[in-house]
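Structure, as structure tokens:
The values are calculated or read from the model by the stated rules, or taken from the named source; none is laboratory data. These numbers were taken from a predicted model, which means no experiment stands behind them. Every residue, glycine among them, receives a Cβ derived from its backbone with ideal geometry; neighbour counts consider all protein chains shown.
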Amino acid sequence: MLTQDKPEHSINSRLPKKFFLVLVESWVFTTIVAFFVVRVLGSNLVSHWLNRIGAR
Amino acid sequence: MWLTIIKAIGANLFVAMAALGFGTWFAPLFPHSLSRLARIACTAIGGFGLLGLTLFVVGQISFHRWTVWLVLLVGAVSAIFERKQFRGLLVTISKVPAIVVGCVLLLTAIAGLAPPIGDWNTDGISYHYVGPKVWLRDGIIRPIPDNAPASYPSLVEVVFAALRATGGEQAPILSASWTLGLLLAIAAAVGLRAGLDERSCWWVAALLATMGALYEGSHSGFIDAVYAAFLLGAIHLGLNATEKKHFVGFGFFCGLAMATKYPALVTVPSIVLCCSWRGKETRPWTAMSTAAIALAAAFVTAGPIYLRNWLLLGTPIYPPPPAAAAYLHVKYFTTEGLTSFYQYAVWRGNGLGRGPLAFLLLPYNLTYHTANFHGAGGIGIAPLAFGWIGLAAAWRDRFVRMLALIGLVLVSIWFATMQESRYLISFYGIIAVFAILGWEAARRALGKRGKFLCGLAVAISLAYGFTLMVKSRIPDLRAACSPSYAHYRQETEIPYWNSFNYINGSPEVTRVLFLDRSIPAYYSDKDYVKPFGQWWEQLYVDAATPRDILPKIEGLHPSHVLDVISAESGFQIPAHSPQYRLVFERPGQRIYQVIYR
């Protein structure tokens with residue numbers, strides 16, 4: 001119990017969680033933006049780029 | 001029009017009831033740990049399969065309308081006697097996803113009432129609906145020499161035939177509304193087992209129902225949704241199996257998948273291995289014996305279909321794989337024909353490319369670029385957005401870990417073999433579960449902004465898929481509601497429609513010879529002979545072209561010949577030939593009566 005009250009430990013335990021939440025939020029945001037770019041705007045740029053590097 | 005609709009709906013209700021009745025027979029093989037939803041979904045899906053198998057076996061001896069009715073009656077009576085098995089299914093309804101699911105199923109049902117149209121590029125017209133029509137006309141289930149795909153595993157097509165026999169031409173098309181429902185139900189049941197609550201399971205169903213790639217494989221004759229339902233049912237039973245009899249039930253579902261599509265021959269052994277292996281808690285011998293039980297049950301279940309092909313066509317898998325073809329005499333195919341067939345299969349299966357980079361880019365391409373390979377608008381962004389979060393959040397549950405492993409196996413096999421989007425529907429079912437698991441976990445952890453973003457991602461997935469779906473089915477909806485538009489569509493979108501009208505309406509036409517391989521024989525209500533099939537089938541070894549057939553015409557006994565101009569060939573019958581009398585002519589199409597000397 002005592003160790004949990006140490007300030008440096010509590011900071012360390014919060015860091016990964018906060019990082020994870022930011023990661024999740026950014027990721028979901030990216031998928032939405034990518035949807036608008038690729039599907040809605042109908043951009044062939046990504047497709048063209050993938051073809052260029054031989055992924056398709 | 002109304003009579004046709006009522007007949008089709010009645011037939012579907014009757015066949016669904018018969019399927020439930022057949023399903024009650026193997027309820028003792030289900031693990032006790034199954035949820036009520038899973039139990040009823042598996043009963044219906046397994047019953048559908050057993051009904052198809054029974055009809056297939058009976059159909060080898062007799063496949064008349066009365067035979068079909070008799071088999072269906074047996075199922076319906078079982079359903080009545082065992083009705084207590086279906087009592088007490090109370091599902092908590094989550095309004096928004098339930099409305100989405102309801103709209104998709106209703107859309108499918110109404111659009112399914114439109115008369116079938118299309119040319120030889122429409123799978124339903126080229127083979128899924130051809131078998132049922134020909135088998136019922138012949139009164140027996142036999143391979144159709146000019147149509148190799150009709151000899152593929154045809155469990156679902158046999159049920160189509162039962163629907164056609166009881167409810168007319170529209171009944172099999174209408175069935176997509178409830179067979180898609182079966183897939184959604186089993187996916188929701190898998191979600192329930194993976195840790196979702198009943199309300200969240202509705203979201204799994206809604207997400208799946210609005211995946212364009214899934215939807216396109218579930219209607220208009222496509223059997224891929226039913227195939228995926230068999231596989232998901234098998235996976236659910238296999239992962240919950242604890243006793244030997246449970247593994248028999250698991251194997252039975254695997255066998256149903258093998259009796260529906262060839263890709264199951266590769267998929268099933270992998271699923272069996274995954275489900276039999278229980279890590280350190282199981283001895284190797286126990287795992288091997290349970291795997292052997294499941295595989296034996298699978299092979300016994302699918303046996304009749306492969307055995308029929310072996311006996312009548314010389315090979316259990318028809319047409320055989322290229323490696324085996326070199327050692328076999330493949331009926332109704334020349335070497336060149338088989339080569340063309342394989343080239344076509346390779347072209348269809350190229351999909352998103354090969355190699356490690358293409359594999360790593362699959363999550364991106366499956367989400368955003370599935371239209372590039374008959375993917376019909378993709379699977380929505382929710383799986384990409386939340387799938388990995390769901391996996392991380394539920395990792396401690398062994399069922400979830402095994403589900404993820406099986407998903408990886410399914411996608412790897414698909415990637416290495418035929419990359420046709422609809423062959424991956426069972427995997428889409430699994431990632432929909434992970435997507436909703438991830439969405440739930442993210443919602444719990446994130447603040448207001450995060451929750452809004454997550455909701456937006458799910459809303460985009462549903463709205464985009466649903467919009468594409470409605471757009472693609474507007475012509476069908478219109479044709480279902482307007483007989484004049486339906487007639488216009490038939491005239492403009494069915495090749496040689498006028499000739500088929502003549503053939504079907506003239507009593508003197510008893511058997512027709514189709515010279516061109518692109519003619520869709522589905523539209524002929526009369527007996528026919530087609531020496532050259534769409535997939536390079538060739539009925540007579542010594543007749544490689546339509547002109548080689550004409551000297552043999554008396555041996556084929558046609559009363560009439562349909563001669564057409566197509567992308568494949570021009571008119572074949574020489575003008576003013578004394579053996580043929582022109583009885584019908586339209587631009588690019590001629591019908592001759594054969595004069596026998």
Only one of (1) within 10 Å of chain A (Cβ to nearest Cβ); (2) under 28 Å from the mean Cα position of the chain (by Cα) fails for residue B:450. Which number is that? (2)
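Restricting to the stretch B:192-202, what's the tally of residues that are among the acidic types (Asp, Glu) and assigned to a loop (DSSP other than H, G, I, E, B)?
1
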Output for the stretch B:110-125, where each listed residue is in contact with a Leu (Cβ under 8 Å, 6 or more places away or on another chain) and either surrounded by fewer than 21 Cβ atoms within 10 Å (Cβ to Cβ) or among the aromatic types (Phe, Trp, Tyr) (or both): B:110
For residue B:532, state whether it is in contact with a strand residue (DSSP E or B) (Cβ under 7 Å, 6 or more places away or on another chain), in the same structural domain as residue B:555 (by TED's automatic domain parsing) and either closer than 10 Å to residue B:562 by Cα or at pLDDT 95 or above (or both). no
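This table checks each residue for (1) of a type outside the set (Val, Ile, Thr); (2) over 20 Å from the mean Cα position of the chain (by Cα).
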residue	(1), (2)
B:269	yes, yes
B:272	no, yes
B:277	yes, yes
B:296	yes, yes
B:311	yes, yes
B:317	no, no
B:330	no, yes
B:340	yes, yes
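When the residues of the stretch B:538-558 are narrowed to those that are of a type outside the set (A, V, I, L, M) and crowded, with 17+ Cβ neighbours inside 10 Å, which ends up nearest to residue B:331 (Cα to Cα)?
B:538
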Residue list for the stretch B:432-462, restricted to those being among the aliphatic types (A, V, I, L, M) and either in contact with a strand residue (DSSP E or B) (Cβ under 8 Å, 6 or more places away or on another chain) or in contact (Cβ under 8 Å) with a residue 24 or more places away in the chain (or both): B:432, B:433, B:435, B:436, B:437, B:441, B:442, B:457, B:458, B:460, B:462
Unmet criterion (only one of (1) polar (S, T, N, Q); (2) within 14 Å of another protein chain (Cβ to nearest Cβ); (3) crowded, with 20+ Cβ neighbours inside 10 Å) for residue B:499: (2)
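For (1) more than 19 Å from residue B:383 (Cα to Cα); (2) in contact with a Cys (Cβ under 7 Å, 6 or more places away or on another chain); (3) not in a helix (DSSP H, G or I), each residue gets a yes or a no:
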residue: B:204; (1), (2), (3): no, no, no
residue: B:219; (1), (2), (3): yes, no, yes
residue: B:250; (1), (2), (3): yes, yes, no
residue: B:261; (1), (2), (3): yes, no, yes
residue: B:266; (1), (2), (3): yes, no, no
residue: B:270; (1), (2), (3): yes, no, no
residue: B:274; (1), (2), (3): yes, no, no
Since residue B:417 meets every condition but one in (1) closer than 27 Å to residue B:280 by Cβ; (2) touching a residue at least 60 places away in the same chain (Cβ under 8 Å); (3) in contact with a Phe, Trp or Tyr (Cβ under 9 Å, 6 or more places away or on another chain); (4) not charged (D, E, K, R), which condition does it not meet? (1)
Taking the condition touching a Ser or Thr at 6+ places or on another chain (Cβ under 8 Å) and either touching a residue at least 24 places away in the same chain (Cβ under 8 Å) or within 21 Å of residue B:252 (Cα to Cα) (or both), does residue B:72 pass? yes
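From B:472, B:482, which residue is more than 14 Å from chain A (Cβ to nearest Cβ), under 25 Å from residue B:227 (Cβ atoms) and of a type in the set (S, T, N, Q)?
Details: B:482 fails: under 25 Å from residue B:227 (Cβ atoms).
Just a single option satisfies the conditions, and that option is B:472.
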Within the stretch B:338-371, which residues are touching a Pro at 6+ places or on another chain (Cβ under 9 Å) and not hydrophobic (A, V, I, L, M, F, W, C)? B:339, B:342, B:363, B:367
Search result, residues across the stretch B:314-369 that are closer than 30 Å to residue B:384 by Cα and away from chain A (no Cβ under 14 Å): B:345, B:346, B:347, B:348, B:349
Checking B:569, B:577, B:518 in turn, the sole residue that is in contact with a strand residue (DSSP E or B) (Cβ under 9 Å, 6 or more places away or on another chain), of a type in the set (S, T, N, Q) and surrounded by 15 or more Cβ atoms within 10 Å (Cβ to Cβ) turns out to be B:518
Do the conditions hold for residue B:76, that is, is it part of a helix (DSSP H, G or I), buried (at least 22 other Cβ atoms within 10 Å of the Cβ) and assigned by TED's automatic domain parsing to the domain that holds residue B:139? no
Considering the stretch B:17-36 alone, what residues qualify as being under 25 Å from the mean Cα position of the chain (by Cα), farther than 12 Å from residue B:78 by Cα and at pLDDT 90 or above? B:30
So how many residues does the stretch B:310-347 have that are of a type outside the set (A, V, I, L, M), in contact (Cβ under 8 Å) with a residue 12 or more places away in the chain and out of contact with any helix residue (DSSP H, G or I) (no Cβ under 6 Å at 6 or more places or on another chain)? 11
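I'd like to check something: does the stretch B:538-553 contain any residue that is of a type in the set (Lys, Arg), more than 25 Å from residue B:505 (Cα to Cα) and part of a loop (DSSP other than H, G, I, E, B)?
Taking every residue of the stretch B:538-553 in turn, none turns out to be of a type in the set (Lys, Arg), more than 25 Å from residue B:505 (Cα to Cα) and part of a loop (DSSP other than H, G, I, E, B).
Is it fair to say residue B:399 is away from chain A (no Cβ under 14 Å), surrounded by fewer than 20 Cβ atoms within 10 Å (Cβ to Cβ), part of a helix (DSSP H, G or I) and touching a residue at least 40 places away in the same chain (Cβ under 8 Å)?
Yes: the conditions hold for residue B:399.
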For the stretch B:95-146, name all the residues that are among the basic types (Lys, Arg) and under 18 Å from the mean Cα position of the chain (by Cα). B:133
